[in-house]
Amino acid sequence: MTTRLDTSIETWGRVHRGAHQLAEPAWRDAVAEAARATAAAAGTTLAHGLGRSYGDSALNRDGGLVRTTGLDRLIAFDREGGILRAEVGLSIDALLRVTVPAGWFVPVTPGTKFVTLGGAVANDVHGKNHHVAGSVGRHVRRLALWRSDRGVVECDPEVESDLFSATIGGLGLTGIMLWVEIALHPIRSAMMQVENRRFADLDEFFALSEDSADWPYTVAWVDTIQGGEALGRGVFSRGRHAETGGLEPHRSGGPTMPINAPSLLLNRVTVGAFNRLYHANPGSAFRGRRHYDGFFYPLDRLRRWNRLYGARGFYQWQGVVPPADARTATRTLLDVITRSGEASFLAVLKNFGDRPSPGLLSFPMAGTTLALDFPNRGERTLALMAELDRVVSQAGGRLYPAKDGRIPAAAFQLGYPSWRELERLRDPLLMSDFWRRVAISDGNGG
Ligand SMILES: Cc1cc2nc3c(=O)[nH]c(=O)nc-3n(C[C@H](O)[C@H](O)[C@H](O)COP(=O)(O)OP(=O)(O)OC[C@H]3O[C@@H](n4cnc5c(N)ncnc54)[C@H](O)[C@@H]3O)c2cc1C
């Protein structure tokens with residue numbers, strides 16, 4: 001297996017990058033050799049999908065990396081029952097082109113289709129339908145992974161259930177997944193029925209969320225500039241798969257952000273984006289139809305949009321707080337942000353449901369989640385996020401490892417009390433920058 005030194009691999013937020021010994025196997029039976037060859041120099045390696053994690057859970061700097069995107073074959077697709085087994089490097093982008101014409105959709109999707117199945121399972125991703133469908137792990141029926149100490153192991157909720165549970169949301173540490181089998185969601189149309197409406201404050205957001213229990217997809221964008229009376233105003237969007245309109249999948253294409261944007265442009269985008277969205281959605285509800293691509297993946301229209309934040313990159317922060325404290329904690333979070341003057345370009349607010357995940361270290365839990373982008377302005381930004389972390393920890397919530405690349409060990413361990421169990425089940429050959437920081441380097445984990 002050929003490996004090469006790659007110094008360009010970076011997180012989606014572009015704050016972290018570094019040198020990796022990289023291998024890109026094209027076949028499942030080449031994964032073992034790729035893992036061992038990349039680990040030979042530094043002792044550890046890690047699977048890497050499409051690199052859409054904003055933080056450092058997909059990096060293993062000065063160690064090995066096994067990029068899985070060459071493992072992108074469909075293994076079996078039951079068009080009657082909607083059960084699909086595919087190699088882990090298959091992207092949701094490629095998957096939907098095959099399944100939508102047959103009347104099936106992914107059971108859960110993140111806000112970009114440029115993620116691999118392996119990456120989606122390793123972070124147990126959630127989507128706009130969390131309140132009805134839970135996270136993606138609930139829809140995984142079976143998977144196979146390669147471990148350096150055991151070879152290929154197949155697991156499901158009954159067989160090797162510990163390993164199955166630890167692998168869902170297991171941050172790539174329990175082995176390198178080779179294939180996954182998931183249950184798809186039936187659709188009759190590629191179109192969505194969509195309804196958008198403004199809300200004036202957080203009370204209205206919570207009322208709209210409660211009122212939308214029969215809408216399978218809900219999400220809100222919230223203003224992070226206006227405090228005072230306007231604190232927590234936003235646009236609430238809800239949708240469902242339409243009954244008619246054909247089953248045409250999305251097309252490829254769209255422009256690519258060519259170079260790093262100057263900070264002047266960033267400021268204009270940041271300040272203008274929310275206002276444009278807000279004013280485009282008047283008080284009375286907007287109702288319409290949209291293709292699933294525009295509804296689920298608006299950011300995919302501009303490839304490499306992460307360059308908008310310039311060379312220093314950006315942090316994405318996401319936390320969830322349980323229902324009991326959700327209103328107060330969310331208000332405090334927004335208050336901290338508006339007072340800081342660090343407006344977030346994208347501030348996404350959603351109520352998660354209470355469907356439990358089989359994942360040992362899954363991020364989603366019942367409650368309210370807020371996701372934010374902050375341009376990297378060094379200490380200022382880190383101090384702001386530390387304040388947000390405290391609000392989440394005090395409310396008994398947790399932070400999303402796929403996001404910011406700087407979650408402190410104490411906050412992580414508090415939010416994920418089962419982390420030692422993941423460390424126990426970790427493949428000794430696998431390691432990530434994230435895990436080194438939150439579980440190993442504080443002296444408690446090794
Ligand atoms: C625009 C945008 C919107 C997003 N929206 C959401 C959202 O709504 N909800 C959400 O939950 N997330 C969201 N995300 C985050 C994204 O879904 C996750 O970070 C996802 O894991 C990325 O998949 P990837 O293929 O790029 O994996 P990578 O980022 O390359 O890797 C992610 C993790 O998966 C592990 N991994 C990858 N392949 C394997 C394998 N074969 N075996 C074992 N481990 C493996 C890696 O080691 C790493 O720990 C969003 C990201 C972007 C950029």
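The values are calculated or read from the model by the stated rules, or taken from the named source; none is laboratory data. Keep in mind that what you see is a predicted model, and the values were worked out from it rather than measured. Because the Cβ atoms are built from the backbone with ideal geometry, glycine has one as well, and the counts that use them run over all protein chains shown.
For the residues Leu231, Leu265, the requirement of being modelled with pLDDT under 70, among the aliphatic types (A, V, I, L, M) and out of contact with any Pro (no Cβ under 8 Å at 6 or more places or on another chain) singles out Leu265. Checking each residue in segment 295-344 for being surrounded by fewer than 21 Cβ atoms within 10 Å (Cβ to Cβ), over 20 Å from Met365 (Cα atoms) and among the hydrophobic types (A, V, I, L, M, F, W, C) picks out Phe295, Leu299, Leu302, Trp305, Leu308, Ala311, Val336. Scanning segment 207-224 for residues that are buried (at least 16 other Cβ atoms within 10 Å of the Cβ), in contact (Cβ under 8 Å) with a residue 60 or more places away in the chain and in a loop (DSSP other than H, G, I, E, B) yields Pro216, Asp223, Thr224.
Condition check ((1) under 21 Å from the mean Cα position of the chain (by Cα); (2) not in a strand (DSSP E or B)) across all residues:
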| position | (1), (2) |
| --- | --- |
| Leu308 | yes, yes |
| Arg312 | no, yes |
| Ala324 | no, yes |
| Arg327 | no, yes |
| Asp335 | no, yes |
| Asn351 | yes, no |
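Within segment 88-112, the set of residues being within 11 Å of the ligand (Cβ to nearest atom), crowded, with 23+ Cβ neighbours inside 10 Å and not β-branched (Val, Ile, Thr) comprises Gly89, Leu90.
Select, from Gly175, Gly134, the only residue that is more than 9 Å from the ligand (Cβ to nearest atom), on the phi > 0 side of the Ramachandran plot and in contact (Cβ under 8 Å) with a residue 40 or more places away in the chain.
It is Gly134.
Checking each residue in segment 37-86 for being of a type in the set (D, E, K, R) and on the phi > 0 side of the Ramachandran plot picks out only Asp62. Restricting attention to segment 370-416 and to residues that are closer than 27 Å to Phe236 by Cβ and of a type in the set (Phe, Trp, Tyr), the residue that is nearest to the ligand (Cβ to nearest atom) turns out to be Tyr400.
Close Cβ contacts (under 6 Å, 6 or more residues apart or on different chains) running from residues in segment 7-33 that are within 25 Å of Leu145 (Cα to Cα) and of a type in the set (Asp, Glu) to residues that are away from the ligand (no atom under 13 Å from the Cβ) and assigned to a loop (DSSP other than H, G, I, E, B) comprise Glu33/Met1. Restricting to segment 368-410, name every residue that is on the phi > 0 side of the Ramachandran plot and over 17 Å from the mean Cα position of the chain (by Cα). Gly378, Gly396 - these are the residues of segment 368-410 that are on the phi > 0 side of the Ramachandran plot and over 17 Å from the mean Cα position of the chain (by Cα).
Restricted to segment 343-369, and to residues that are aromatic (Phe, Trp, Tyr) and modelled with pLDDT of 95 or more, which residue is nearest to the ligand (Cβ to nearest atom)?
Here is the first cut: in segment 343-369, the residues aromatic (Phe, Trp, Tyr) are 345, 352, 363.
With modelled with pLDDT of 95 or more added as a condition, the list becomes 352, 363.
Numbers: Phe352: 11, Phe363: 7 Å.
Restricting to residues being aromatic (Phe, Trp, Tyr) and modelled with pLDDT of 95 or more, the top hit is Phe363.
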